[in-house]
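Below is one structure, written out as structure tokens; comments come after it.
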Amino acid sequence: MIDIKVILKNRILVLDGAMGTMIQRHTLEEEDFRKGWFEDHHKPLKGNNDLLSLTQPEIIKSIHREYFAAGADIAETNTFSGTTIAQADYDLQDAVYDINYHSAKIAREVADEFSQKEPNKPRFVAGSMGPTNRTASISPDVNDPGFRGITFEELKVAYKQQAGALMDGGVDLLLVETVFDTLNAKAALFAIDELFEERKTKLPIMVSGTITDQSGRTLTGQTTDAFLISVAHIDLLTIGLNCALGASMMRPYLQVLNKNAPFGVSAHPNAGLPNEFGEYDETAEMMAAQIKDYLDEGLVNIIGGCCGTTPEHISAIAELAKNYSPRKFGANVGK
């Protein structure tokens, strides 16, 4: 088994780009989200992209192939909303195991295809664990600030189920991503730790937070420093940032992580900020020019793309990244 930690200290690894952006290119309809699995389901399912790993697996495979062909080293599973908490909106809690297991199997199959073709460039699968659509730290009711829409225990149970199914499907690592509430992330990490202990095995863990605006804070008010301190008790592969901001706006917060993180640092920013139609206008060349600043400063060990990014963006980033050494971490932190 190839140790991703060893590779990470020798070269910058490239994470794939946006799954949702690529799915949108297929202009799918309601029946595409139901085919063979949810034909008679009583709620509309269009837009529940995680289901496509079950109903349209060839589309998801093709997206993974495009990103690997573009130069990605790591594919994220199509499981961003793969918890019972997120799937409750569709009354599909019972489908959660299948969503995660089959998403992992699909990504594993494609990763192995590319690893066999290019043994000197092994491909990895990261089990994507999104933030859910609830927050454990903030009340959803402005008239009752003490109320919480979810508990730590409920989050832990949901994340443990998701992580277990992803591991059963063959992922190489787990990615707790788009963290807007660190308490949610801590529930995920607690669940993962409990699962590892029960299974007597471990996988590398990536954690990636989201700075929501130029205040430099997460949605629940934490600074980048505070976010790092909150999760630093876990032996992480990387800590990083993704989503919300474009590459240039994310840079100051990556500098904070670079200075203080004892782990690797990851970044997968959006292709700029969305326009008035919710679309992303930054071209691959525009984004790569901003990513170059990260690489010139030695800020990252893993680089990829979030909302609005495509294989074209990942190709431009991968071409750039191969010319740079990774950020030094461990004993070298802060130097």
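Overview of results
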quantity	calculated
Residue list for region 281-308, restricted to those being within 13 Å of Met250 (Cβ to Cβ) and touching a strand residue (DSSP E or B) at 6+ places or on another chain (Cβ under 9 Å)	Glu282, Met287, Gln290, Ile291, Tyr294, Leu299, Val300, Ile303, Gly304, Gly305, Cys306, Cys307
Residue among Ala187, Ala126, Ala136 that is surrounded by 19 or more Cβ atoms within 10 Å (Cβ to Cβ), of a type in the set (A, V, I, L, M, F, W, C) and part of a loop (DSSP other than H, G, I, E, B)	Ala136
Number of positions in region 224-240 that are outside any loop (DSSP other than H, G, I, E, B) and aliphatic (A, V, I, L, M)	5
Qualifying position, being in contact with a strand residue (DSSP E or B) (Cβ under 6 Å, 6 or more places away or on another chain) and touching a residue at least 12 places away in the same chain (Cβ under 8 Å), among Ile234, Ile205	Ile205
Single condition Tyr253 does not satisfy, out of (1) more than 28 Å from Lys328 (Cα to Cα); (2) without any contact (Cβ under 8 Å) to a residue 60 or more places away in the chain; (3) aromatic (Phe, Trp, Tyr)	(1)
Residues of region 106-119 that turn out to be surrounded by fewer than 18 Cβ atoms within 10 Å (Cβ to Cβ) and in contact (Cβ under 8 Å) with a residue 40 or more places away in the chain, as a count	2
Within region 246-286, considering residues that are assigned to a loop (DSSP other than H, G, I, E, B) and of a type in the set (S, T, N, Q), the one nearest to Gly130 (Cα to Cα)	Asn275
Helices (runs of 4 or more DSSP H) contained entirely in region 1-103, each with at least 2 residues that are of a type outside the set (Lys, Arg) and in contact (Cβ under 8 Å) with a residue 60 or more places away in the chain	4-8, 19-24, 57-69, 84-87
Index of the failed condition, Ala18 passing every other in (1) closer than 29 Å to Val300 by Cα; (2) surrounded by fewer than 16 Cβ atoms within 10 Å (Cβ to Cβ); (3) out of contact with any helix residue (DSSP H, G or I) (no Cβ under 8 Å at 6 or more places or on another chain)	(2)
Boolean, Cys243 is at positive phi and either assigned to a helix (DSSP H, G or I) or within 18 Å of the chain's Cα centre (by Cα) (or both)	yes
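Let's see how each residue does on (1) over 17 Å from the mean Cα position of the chain (by Cα); (2) of a type in the set (Val, Ile, Thr):
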site: Glu30; (1), (2): yes, no
site: Arg34; (1), (2): yes, no
site: Phe38; (1), (2): yes, no
site: Lys46; (1), (2): yes, no
site: Asn49; (1), (2): no, no
site: Pro57; (1), (2): yes, no
site: Ile63; (1), (2): no, yes
site: Tyr67; (1), (2): no, no
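Computed from the coordinates by the stated procedures, all read-outs in this text should not be read as laboratory data. The structure displayed is predicted, hence computed values, not measured ones. So basically every Cβ, Gly included, is an ideal-geometry build from the backbone, and we count neighbours across all protein chains shown.
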